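Q: Right, I'll just put the structure down here and ask away after.
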Amino acid sequence: MAACLTCQNTINHSLGRYVVSPTTSQADNGSFRANVAISSGSGSSSHHRVYRFSTPFSNPRAAQLFAVTLGSLHQGGPHFLKDFS
């Protein structure tokens, strides 16, 4: 995977007991990649999962939408995201 040149933060989304935090990163070749962090709990009982997707996008908005959509699927269980990472 190409190195991240820029990472663009976006707005966090609360979905039930999860907080979905999508970001995009730009690869060396100019394409954009989707990343999403999914958090639950607080303090010492917090849990975080970070997914980096290899699908290239031509613009950051498309990558962000992809990350939010797949992060939303996490409510069905993390096994849904394994097919996309």
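Q: Within the stretch 40-59, does at least one residue satisfy the condition of being modelled with pLDDT of 85 or more, surrounded by 15 or more Cβ atoms within 10 Å (Cβ to Cβ) and aliphatic (A, V, I, L, M)?
A: No - not one qualifying residue is present in the stretch 40-59.
Q: Could you tell me which of the residues Ser25, Ser54, Ser39 is closer than 17 Å to Ser72 by Cβ and under 12 Å from the mean Cα position of the chain (by Cα)?
A: Criteria check complete, one pass: Ser39.
Q: Pairs under 6 Å by beta carbon, first residue closer than 18 Å to Arg52 by Cβ in the stretch 5-24, partner in a loop (DSSP other than H, G, I, E, B) and modelled with pLDDT under 70, six or more apart or different chains?
A: If the second residue must be in a loop (DSSP other than H, G, I, E, B) and modelled with pLDDT under 70, the pairs left are Pro22/Thr10.
The values are calculated or read from the model by the stated rules, or taken from the named source; none is laboratory data. Because the structure is a prediction, the values reported are computed rather than measured. Every residue, glycine among them, receives a Cβ derived from its backbone with ideal geometry; neighbour counts consider all protein chains shown.
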